[in-house]
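Engineer: Attaching a single structure in structure tokens format; questions to follow.
Readers should treat all values here as calculations from the given coordinates under stated rules, not as data from a laboratory. Treat the numbers as computed from the prediction; the structure is a model and nothing was measured. Methodologically, a virtual Cβ is constructed for each residue, glycine included, from the backbone with ideal geometry; neighbour enumeration extends over all protein chains shown.
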Amino acid sequence: MTPSKLVLSLGLALSSAIGAAPAVAQQLPQAAQETAQAVAPMPGPQERLFELTGMPETLEIMREELLALTRDLAETHLDGRPGPGWTTAVEEITAPKALETTLRTAFEADLAGVELTPILNFYDSAVGRQVVTLETEARRSFLDAAVEDAASQAVAGGTALPEGQMALIDRYIEVNDLVAYNVMGAMNSNYQFYRGLADGGVLQMSEDEMVNDVWDREAETTQESSTWLRAFLATAYAPLAEEDLRTLVELSETDPGQRLNRAFFAGFNAVYEEVYHALGLAVASEAASEEL
């Protein structure tokens, strides 16, 4: 139940909007400034659920995705020649404990008061553990763009899975409102990146212009999100028996299942929004240092 990657519109056309920047102090998210602090454990059931659903492993993969993103940003916005300040900022922004603190805090808050026993029972079963393993393996395999492209083509061509399994995956996406969650998360993250650039003094756009630009990409982001989700889930759940996949779908239709899905996105969105704002600030800071 953790197809959590946001399909982010990374290719923002910002070159024409970024001008010479004043020197700006590097600002980092609060969580990144506290990486030396230990992550406080959550209450028993929530902590157990965090572990059972593979969140530690997912965070490791998310960090690899974010590091790839920073390389793309350096190439696009810093002429591929970032200085040591950029390297330091990236290390702090993507520090594992910082990411985990942000995710755990939002995840715990969103699950407050939820009866977790049915969810814990599922994820502590053989099927639940298989689901998490398959999701993690698929997410890691998608770090290779060629694997993701092949999966997308297979789904588009109708060769990825038998019709019954693909129908269940589409139902799973619908029940959990995954496309909408991903699209809004992506749009919010892109907006935060704009805000970071603006706060750093290199983006000359009004608040309305930022919002409008993000919304202009809604249709494209929706298509990208749908494509990624179907390819990812078809890859992850291909080895899963159809009856087990149906059990997962039925679980996601229950109130605890819906609350868990919402908690996942609360956690992931908190991470992405914080990271994207910080990356905007880091790009601004680096651009300012290049002007000096």
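Engineer: Taking the Cα centroid of the stretch 48-111 and of the stretch 232-292, what is the distance between the two, rounded to the nearest whole Å?
Structural biologist: Each part's Cα centre sits 12 Å from the other's.
Engineer: Further question on the same structure: Stokes-Einstein D for the stretch 130-211 at 37 °C, 0.692 mPa s, Kirkwood Rh over Cα pairs, in µm²/s?
Structural biologist: Stokes-Einstein gives a translational diffusion coefficient of 206 µm²/s.
Engineer: Sum up the charges of everything whose Cβ sits under 10 Å from the Cβ of Phe265, counting Lys and Arg as +1 and Asp and Glu as -1, but leave Phe265 out.
Structural biologist: For residues surrounding Phe265, the net value is -1.
Engineer: Assuming R0 = 51 Å, what is the FRET efficiency of Glu207 and Glu242, from their Cβ-Cβ distance, to the nearest 0.05?
Structural biologist: Approximately 0.55, to the nearest 0.05.
Engineer: Assuming a viscosity of 0.692 mPa s and a temperature of 37 °C, what translational diffusion coefficient in µm² per second does Stokes-Einstein assign to the stretch 34-291, Rh being the Kirkwood radius over Cα pairs?
Structural biologist: Translational D for this selection: 167 µm²/s.
Engineer: What is the magnitude of the charge dipole of the stretch 34-291 about its Cα centre, with +1 placed on the Cβ of each Lys and Arg, -1 on the Cβ of each Asp and Glu, and no other charges, expressed in debye to the nearest 20?
Structural biologist: Value, rounded to 20: 540 debye.
Engineer: Next question. Within 10 Å of each candidate Cβ there may be at most 15 other Cβ atoms; applying that plus a DSSP loop requirement, which trypsin sites (Lys or Arg not before Pro) in the stretch 53-124 survive? Display every interim value, and only then the final one.
Structural biologist: Values: sites: Arg63, Arg71, Lys97, Arg104; in loops: none.
Of the trypsin sites (Lys or Arg not before Pro), not one in the loops of the stretch 53-124 has a Cβ with at most 15 other Cβ atoms within 10 Å.
Engineer: Filter the GluC sites (Glu not before Pro) in the stretch 60-163 to those in DSSP coil with at most 16 other Cβ atoms within 10 Å of their Cβ, and list the result.
Structural biologist: Taking the stretch 60-163 and a limit of 16 other Cβ atoms within 10 Å, the loop GluC sites (Glu not before Pro) found are Glu115.
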